[in-house]
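The values are calculated or read from the model by the stated rules, or taken from the named source; none is laboratory data. Since the model is a prediction, treat every value here as computed from it, not as a measurement. So basically every Cβ, Gly included, is an ideal-geometry build from the backbone, and we count neighbours across all protein chains shown.
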Amino acid sequence: MSTIDNKAKIAIIGGGVAGSSAALYFGQLGLNVTLFEKDESLVSGPPWCHLHAGGNLYREISDAQCITLLKQSIDFLRFYPFVVDYRPTVIVLPTTDSSTPEALLPRLELLTDEYKAHIARDSKNEVLGKPENYYQVYNREEIELLRTRDTIKTPKTFDEWMIPVAKNIDLNKVQFPLIMVQEYGLNLFRLAAGAAMTLENLDSVTLHTHSIVHNVQQNFPTDGWNISYVKKNVGHTESFDYLINAAGFRTGKIDDLLGAPCKSMVEFKAAYVSHWDECNDTQFPEVVFHGERGTPQGMGQFTPYPGGYFQLHGMTKDITLYEDGLVANSLVSCQPRLGQDFIDKIEKSWTQEETQKRTKAAIEHLSQYIPSFSTATVGSKPLFGAQQIPGDDPTLRVAEVSFPRERYARCEIVKVSSVLDMMDAITKQFVELGYLEVNTIGKREFTDAIHLDETSLRKRAESVAVKRDYPRALANRNISEKII
């Protein structure tokens, strides 16, 4: 006789990547899920744009973290194929950098072997192209030759993708070889749209947007939780058997209500939107220029979107990093306290002056290596938000979830690709509690049944972007094919 409790009620606070994904996953498994999100639409947290299929953007992290990121990225790509922009990433070391491109090669070989092992276990894991094409190196002579070729409207090979880089990069300011890696783009607006469209059609999920949770109390007769919230100025209280805290940088507020133990940081992050008229019709790969974080030569990230838009990161204090933008929790509260200036940016708006100043600084930073990019202009307000980081290591890139109280999961993802590992860990808890059968741990098959109409998805994603005051183009993928 089955002991599964099909009537268990799951509350999820926060509709960012973690909360929306958990609602979608557990809703597909048939659990009774209620998702609370304070904003109008889902997935409106800090900016992300990159799959991190191996963590090659971060030289400072361990091989073990890179291997985990590779596995998580494969899972994420299989779970959310409609979010992925199939274009590669070029890794560049400037001549000013203290390291060399050759120093990256052992890790790339390690990741290639790991990718092969994942495919050997399951052929469906071949989502990053052929493993022998996981990365490719280009010496100066090869780049000089590509510089003479015409750009290709729809690139299909590494060489075709590398042509615009060869034509635009200052070859005297970079070390060789250049390295191209099968790390793809991720589209935040497509995930916001696709997750909402899927959740709205799941009978097992109740979606409460415009809803602010203001109190959580333990329900002692049932060992569950009473959640009080305000939706459109009307107060409500509901009871639940299990609570998932996916409140992002406000996670500590829920911990405080529960008296849960904690140790975490919050970091404010911003990426800048530029428009480059000269490249309206050119398909660029992403280009990452390595550099020491926090110095004037900090890493630069050049992320392409359709229509000549580029998202820019510069890991300097004049661009992406902020003085006092990284704060830790205190002895009296789990919630790290960002300065009011950062809260105003998140809850209200950016000033035009700061938007102009930091976006132009980002354009100048990237123009060191792509001189013609100096003609780019401000494309929109920045993409921004605050990110929770568990523990006390700001370089941490792999974290998923913790369980500081009974029937309580605290989501702690640092990279979006870790949501599947997060859900597997919570699933194990649900099995122990009798909410799910043991064979559901790691279950992914139902994701194959999620088919979204591309036209409807694109229109919904564009609508989300426009309502948030971003260019419509940021909601679209480049028209490209998987690399052959």
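I'd like to check something: does segment 371-384 contain any residue that is closer than 27 Å to Arg78 by Cα and modelled with pLDDT of 90 or more? Checked against the condition, which is being closer than 27 Å to Arg78 by Cα and modelled with pLDDT of 90 or more, segment 371-384 yields at least one hit.
The set of residues in segment 283-303 that are over 19 Å from Leu186 (Cα atoms) and either polar (S, T, N, Q) or touching a Lys or Arg at 6+ places or on another chain (Cβ under 8 Å) (or both) comprises His290, Gly294, Thr295, Gln297, Met299.
Here is a yes/no grid of residues against (1) surrounded by fewer than 24 Cβ atoms within 10 Å (Cβ to Cβ); (2) at pLDDT below 80; (3) within 20 Å of Ala247 (Cβ to Cβ):
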site	(1), (2), (3)
Ser20	no, no, yes
Phe26	no, no, yes
Leu29	yes, no, no
Ser41	yes, no, yes
His52	no, yes, no
Arg59	yes, yes, no
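Restricting segment 261-290 to residues that are among the hydroxyl-bearing types (Ser, Thr, Tyr) and crowded, with 19+ Cβ neighbours inside 10 Å, the residue that is farthest from Ile152 (Cα to Cα) is Ser264. Output yes when any residue across segment 138-148 is buried (at least 17 other Cβ atoms within 10 Å of the Cβ) and within 24 Å of the chain's Cα centre (by Cα), and no when none is. No.
Restricting to segment 394-430, name every residue that is over 15 Å from Ala246 (Cα atoms), buried (at least 16 other Cβ atoms within 10 Å of the Cβ) and of a type in the set (Val, Ile, Thr). Residues satisfying the conditions are Val398, Thr427.
Here is a yes/no grid of residues against (1) assigned by TED's automatic domain parsing to the domain that holds Ile346; (2) closer than 18 Å to Pro46 by Cβ:
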position: Leu366; (1), (2): yes, no
position: Ile370; (1), (2): yes, no
position: Val416; (1), (2): no, yes
position: Asp421; (1), (2): no, no
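Among the residues of segment 271-297, those that are in contact with a Leu (Cβ under 7 Å, 6 or more places away or on another chain) and in contact (Cβ under 8 Å) with a residue 60 or more places away in the chain comprise Ala271, Tyr272, Val273, Ser274, Val288, His290. Here Ile13 clears all of (1) under 21 Å from Phe430 (Cα atoms); (2) modelled with pLDDT under 90 except the condition numbered (2). Of all residues in segment 331-360, those satisfying the criterion of being out of contact with any Cys (no Cβ under 6 Å at 6 or more places or on another chain) and outside any helix (DSSP H, G or I) are Leu331, Val332, Ser333, Gln335, Pro336, Arg337, Leu338, Gly339, Lys348, Ser349, Trp350, Thr351. Could you tell me whether any residue of segment 191-202 is assigned to a strand (DSSP E or B) and either farther than 13 Å from Ala11 by Cα or in contact with a Leu (Cβ under 9 Å, 6 or more places away or on another chain) (or both)? Looking for residues that are assigned to a strand (DSSP E or B) and either farther than 13 Å from Ala11 by Cα or in contact with a Leu (Cβ under 9 Å, 6 or more places away or on another chain) (or both), one finds none in segment 191-202, hence no.
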